Amino acid sequence: MHFSDKKSKCRYIPAFVFLIFIFGMAIWFLLSPKSDYSSAEKRYLQQFPDTSIENISNGTFGEEFESFFADQFPMRNLWVGFNAYFSLYTGNNGANGVYNCKNDYLINVPVSTDNNLSKNLNAVTKFKNNIDTPVTVMFAPSTGYITDDVLPAVHNNYNDDEYFENAGKTLAQNGINFVDLRETFKEEYKNGTQLYYKTDHHWATAGAYTAYTKLCESLGTTPTPKDSFDIKSYDGFYGTTYSTSGFLMTPSDSIEVWENPANTESNIKVKITEGKQTTEYNSMFFYDHLEEDDKYPVFIDGNHALTEITNTSAKGGTLVMIKDSFSHCLAPFLADNYSKIILVDMRYYKLSVSDLIEQENPEQVVVLYGIDNIATDTDIVWLK
């Protein structure tokens, strides 16, 4: 009888352990400090949602609270990493929309074929028809398309060929010059050039330089030779793909800065405008960012609504670039060819770009995006 009582009580131990775990995690969640920004994921985290009657009744509160709980969960990075490796070791080829590839590459899965590419191309063509300045378009191919030899055996198809062919036809029909990088990038990659970061979706500086030479060829200007640059490499770079994936044991990348010694504080000026505030600098490279988790803003200080680079030693005129962040490590190369480069980021610039074109009277407008970004972007449709 005594043994039977002990056995009966033992049946409740798993339930007690489970309850202690649940309530313990809830208390830990409530007492743990909440962060505004995740340096590992390079994004702002969901804060506690507004508890208004409207938000509660229309379901917004519930959706935002789920995001708040997921973003602010204690030791979130550790759990994300555990889930990623559990997914990998149970037969999946990656996690969180990222393939775990050979040679330490982490590569985003292909974007959905149900995307905004056609709509965004139409926005560019309408914009071109509203201005008198020549327009050139250049897209960076996706990492997975170029580095297909490192992809896992089972993966979705990258549709770059279809996207580039469609883009080329649409742009040519509207008199817009198109720089197709596919063949050049494939050849450079076969020759051993690391065109893309292994832990980030951007092209590496060598990739940006390769694109720069093709763009100069299309624009009728001469690229600065590679041996003119002072090239320095910095270790410990982890990009956004690494942060998204959860594969925390992936080795770090290196980030290269190619600086032309001919460009000094005497001839280079960089103006960064956010809203009504403009700040001026004497360099295109912001080395303080190399000490931070997010090192990519070493190039022109990262994302801003309007960035203006002037080079009093350059012989060319003015170029306006409508761009995403792929332009950040390419723009310093173009500064050798143009006395003024104006970078417009449609995510943050809410004024008329046509008015800016009329005011600046540039010789050339360049639209530069990663192919995945232009296919999924929702801001360039406001280009006018």
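The values are calculated or read from the model by the stated rules, or taken from the named source; none is laboratory data. Note that the coordinates shown come from a computational prediction; the quantities given were computed from them, not determined experimentally. Virtual Cβ from ideal backbone geometry, glycine too; neighbours counted across all protein chains shown.
Residues in region 131-148 that are among the polar types (S, T, N, Q) and under 21 Å from the mean Cα position of the chain (by Cα): 142, 143, 147.
Could we say that residue 172 is of a type outside the set (Phe, Trp, Tyr), without any contact (Cβ under 8 Å) to a residue 12 or more places away in the chain and in contact with a strand residue (DSSP E or B) (Cβ under 7 Å, 6 or more places away or on another chain) here?
On the way: of a type outside the set (Phe, Trp, Tyr): yes; without any contact (Cβ under 8 Å) to a residue 12 or more places away in the chain: yes; in contact with a strand residue (DSSP E or B) (Cβ under 7 Å, 6 or more places away or on another chain): yes.
When the stated conditions are applied, residue 172 passes them.
Criterion first (surrounded by fewer than 16 Cβ atoms within 10 Å (Cβ to Cβ) and assigned by TED's automatic domain parsing to the domain that holds residue 317) does residue 157 satisfy it? Write out each step before concluding.
Details: surrounded by fewer than 16 Cβ atoms within 10 Å (Cβ to Cβ): yes; assigned by TED's automatic domain parsing to the domain that holds residue 317: yes.
Judged against the criteria, residue 157 is a match.
Put simply, of 233, 254, 228 the only residue that is over 24 Å from the mean Cα position of the chain (by Cα) and either surrounded by 21 or more Cβ atoms within 10 Å (Cβ to Cβ) or without any contact (Cβ under 8 Å) to a residue 60 or more places away in the chain (or both) is 228. Of the candidates 377, 324, the single residue that is out of contact with any Gly (no Cβ under 8 Å at 6 or more places or on another chain) and acidic (Asp, Glu) is 377.
Scoring residue 207 on the criteria (1) out of contact with any Cys (no Cβ under 9 Å at 6 or more places or on another chain); (2) in a helix (DSSP H, G or I); (3) touching a residue at least 24 places away in the same chain (Cβ under 8 Å) leaves a single failure, condition (1).
Pull up region 301-327, narrow it to residues that are under 17 Å from residue 229 (Cα atoms) and part of a loop (DSSP other than H, G, I, E, B), then point me to the one that is farthest from the chain's Cα centre (by Cα). It would help to see each step written out before you state the result.
Going through region 301-327, the residues under 17 Å from residue 229 (Cα atoms) turn out to be 311, 313-314.
Then keep just the ones that are part of a loop (DSSP other than H, G, I, E, B); that gives 313-314.
Details: 313: 31, 314: 29 Å.
Among those that are under 17 Å from residue 229 (Cα atoms) and part of a loop (DSSP other than H, G, I, E, B), it is 313.
Taking region 328-384 as the region of interest, the helices (runs of 4 or more DSSP H) fully inside it that hold 2 or more residues being of a type in the set (A, V, I, L, M, F, W, C), in the same structural domain as residue 210 (by TED's automatic domain parsing) and over 21 Å from residue 229 (Cβ atoms) are 353-360, 371-376.
Counting only helices (runs of 4 or more DSSP H) that fall entirely inside region 58-139 and contain at least 1 residues that are under 26 Å from residue 201 (Cβ atoms), modelled with pLDDT of 95 or more and not polar (S, T, N, Q), the qualifying elements are 117-129. Note on region 250-290: enclosed strands (runs of 3 or more DSSP E) holding 1 or more residues that are more than 18 Å from residue 301 (Cα to Cα) are 253-259.
The set of residues in region 264-303 being buried (at least 18 other Cβ atoms within 10 Å of the Cβ) and over 21 Å from residue 207 (Cα atoms) consists of 268, 270, 272.
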